[in-house]
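Worksheet for the structure shown next.
Read-outs throughout are calculated quantities, based only on the coordinates presented, and are distinct from any laboratory measurement. Here the structure is a predicted model, which is why all the values come from computation and not from measurement. FYI the Cβ positions are ideal-geometry reconstructions off the backbone, even for glycines, and counts take in every protein chain you see.
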Amino acid sequence: MESQELPYVLVDCIGGRLGVYEDHLGFLKKRFHLITMKEYLENKTFLSKKIRAIYVWYHKPAINEELLQSLNNLKVVASAGVGIDHLDLKLLSSYGVKVSNTPFVVSTDTADMGMALMLASSRRLVEGHEMAVSPDTEYFPVDWLGAEVSGATLGIVGMGKIGYKVAERAKAFEMKILYHNRNQRKKEEESAVGAIYCKKIDDLLQQSDFVLLAATLTPQTHKLIGKRELELMKPTATLINISRGKVQNKQNCIKVWWHDKSWENLQL
Amino acid sequence: MFRSKASSLSTVIPLMFGQSNLACKFFHPVIASHGLCCHRSVIYKQRYRMHQLSAGRRTINTGTKVMAEGELPSVLILDIGGTHGVLEDLAALLKKHFHLITMKEFLGNKEEMRKKIQSIFVFECRPTIDRELLESLPNLKVIANSGVGVDHLDLKMISSFGVKVTNTPHAVADPTADIGMALMLASARRLVEGCLIALSPDTKYFAVDWLGVEVTRATLGIIGMGSIGYKVAQRARAFNMRILYHNRNQRRKEDEEAVGAHYCAKMEDLLQQSDFVMLVVNLTPETHKLIGKKELGLMKPTATLINISRGAVIDQDALVEALQNKVIRAAALDVTYPEPLPRDHPLLNLSNVIITPHIGTATVQAIRMMAEEAIANMLAALNDQPIPSEVFPK
């Protein structure tokens, strides 16, 4: 097939610190004719009619009304990753453009990261490493302790694909698993991981040793965790966020932390 | 120091020291069947405490007997508090059953103290047990180690004095398996490096071509499939990992199937196929420098070595070379030899190494459980009853 016959796909840039990976060009170029933003802007008149899709890589290119107006043959915006809070879905829909994400491939790696953070935080891994390699360390103090993950209570806020994979992993650590979700999961799914539904997020917050946020960012989850929610948590609890920064109210987090030293285990 | 807010909470705090409303149930079936001890000169009380852990569900099944005041057996410890001494909360636990004598007190009054001491509680490898000490304690019956590793004790020598040695295998398994998983995940996902980037004053943006390696569906090779190794396998299975293991003996089929583990009779096979190699053996003459240049050379160049056993299981110089030359991808070590490493050691400066300060059992819960397990061992030994966890020289 001649390259002119492949569909034209707009990307922000290729390579460098923010661009589409050069390693990926092999399989992308088999199917598509890639146009970078730079190339597009240099030849707008010709290219704007050709571009049928935009491949959004790490939130770029940013898609605004101006771009949508000039790309009148645009059919789909394909975003790499599962979160689409960087896209204005209503706007895209009003232009008849479809939006896609990649929910299946991200779930296990994101769940792994959630477990990594929970374990690292509770066992003070980063601090420990710094002590182990610090030029000032003369001995390892014996009263330097962390908290146990095995057998502790994990509260998962947002039990979608990622949240569920976290639960599967946490079960192997014999953790007690509570979850809060817009909807309760099916009984079989709950029993498979031993998860207990908490209709009210407060119940989850009060009982958990670890609170893990795995919800999508929407207007409903924006600042879901604020001062009130943090105060409901145990003073010995750890907050883990693998969703989006805006799901927690960072300002309040910091205020609470400085105000009351007992929150020193709060991991932001 | 791990701290928590004090008693003004309305919710139950996961196992904290000094909390009088928290307690654990201990009951050893063998001791129960013996009923009360038959010594007539002392009064024994069976004590039961209710299990109420909100974090950590492991329990130690042992009987505890409290002897009448003034007749408590004497236990030698290094010190209470300070840099290497027994933690104050643990000392309080010990004092319920024993009269504690610190090394300082002992050395200050040897003649009077030496005959009293029936037991030594070894905490974080101290006090050092040498021939001189053993010769000066004629009534010593048992040395109770806090922790499972006893490579710091000369078992043959101690046995020649008719002294028993005990360890604490039950208390250590979960937290050590957890640290193994923590190190594997942290190394694979470059967590320490990433944290430094995220916090650095120089960071302006997060580069998108900054990647780690995947844990889910990768192959984990466990060298040493004892209690701890098996718990690692149980956890790794939940990450859909393919699990290989090498052990002195193959495990039972049911045990293998429960975690989906495949036995590698030859360690070489495990090394060649694994993305993550985790060392979970005890240190013996056979496992000393088990992993050297040859073994590192057999590993994949994309593989990670994790050590939660003892530093001396790895030839450290060979490891430095392998890491510098990218023979393997990375290493994550909770243990080194010595601990801490000299401050000019090359391992401290490699970006593909994570080192933690031997924190495999450094949790509030584990420290307490180890002391309780050691107490049960000591009481059993002193009362001539079956000892839950005795260690014998080979």
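Fewest-first ordering of A:Phe210, A:Phe32 by other beta carbons within 10 Å of each residue's beta carbon gives A:Phe32, A:Phe210. Estimated from the Cβ-Cβ distance and a Förster radius of 56 angstrom, the FRET efficiency linking B:Glu135 and A:Gln220 is about 0.15.
Legend: mean number of C-beta atoms from other chains within 10 angstrom of residue C-beta atoms, peptide A:234-241, equals 4.
Between B:Glu268 and B:Glu112, the distance separating the two model label sites (each 7 Å from Cα on the Cα→Cβ line) works out to 6.5 nm.
For peptide B:76-86, the mean count of partner chain Cβ atoms within 10 Å of a residue's Cβ comes to 2.
Distance distribution P(r), chain A, all Cα-Cα pairs, bin width 10 angstrom from 0: 6, 24, 25, 20, 16, 7, 1, 0 percent.
Packing-based ranking of A:220-226, A:165-171 yields A:165-171, A:220-226, ordered from highest to lowest mean Cβ neighbour count within 10 Å. Sorted on the mean count of surrounding Cβ atoms within 10 Å across their residues, most packed first, peptides A:175-184, A:17-26, B:316-325 read A:175-184, B:316-325, A:17-26. For the stretch B:274-379, give me the percentage of DSSP beta bridges that are antiparallel, rounded to the nearest 5 percent. Given both bridge residues lie in the stretch B:274-379, the antiparallel proportion sits at roughly 0 percent. Between helix A:161-171 and chain A there is an angle of about 30 degrees, using the helix long axis and the longest principal axis of the Cα atoms. Dividing the Cα radius of gyration of the protein assembly as shown by its Kirkwood radius returns 1.03 for Rg/Rh.
Each peptide in B:175-186, B:97-108, A:142-153 receives the mean, over its residues, of other Cβ atoms within 10 Å, and ordering these scores from highest gives B:175-186, A:142-153, B:97-108. Per-residue ellipticity at 222 nm computed for chain A from its helices equals -10500 deg cm²/dmol, with DSSP H segments shorter than 4 residues left out and the rest contributing -39,500 (n - 2.57). Angle of helix A:250-259 to the longest C-alpha principal axis of chain A, folded into 0 to 90 degrees and rounded to 10: 20°. Each 5 Å bin from zero holds the following percent of Cα-Cα pairs in the stretch B:123-209: 3, 11, 16, 13, 9, 8, 8, 7, 7, 6, 5, 3, 2, 0.
Against chain A, whose longest principal axis is taken from its Cα atoms, helix A:103-122 shows a tilt of about 30°.
What is the calculated FRET efficiency for A:Lys44 to B:Ser200, with r their C-beta to C-beta distance and R₀ = 45 Å, to the nearest 0.05? Rounded to the nearest 0.05, the efficiency is 0.70. In terms of distances greater than 22 angstrom between alpha carbons, the cross-link table entries B:Lys95/B:Lys116; A:Lys38/A:Lys90; A:Lys38/A:Lys98; A:Lys44/A:Lys75; B:Lys293/B:Lys394 yield A:Lys38/A:Lys90; A:Lys38/A:Lys98; B:Lys293/B:Lys394. Taking Lys and Arg as +1 and Asp and Glu as -1, the other residues whose beta-carbon sits under 13 Å from that of B:Gly226 total +2. Of the two radii for the stretch B:282-394, the radius of gyration is 1.11 times the Kirkwood radius, both from the alpha carbons; that is the Rg over Rh value. Per the Debye formula on identical point scatterers at the alpha carbon atoms of the stretch A:4-116, with no solvent, log10 I(q)/I(0) at q = 0.20 Å⁻¹ is -1.14. Summarising the overall dimensions of the stretch B:206-264 from its C-alpha atoms, the Rg and Dmax are 13.8, 48 angstrom.
For the residues of B:332-340, the average number of beta carbons from a partner chain within 10 Å of their own beta carbon is 2.
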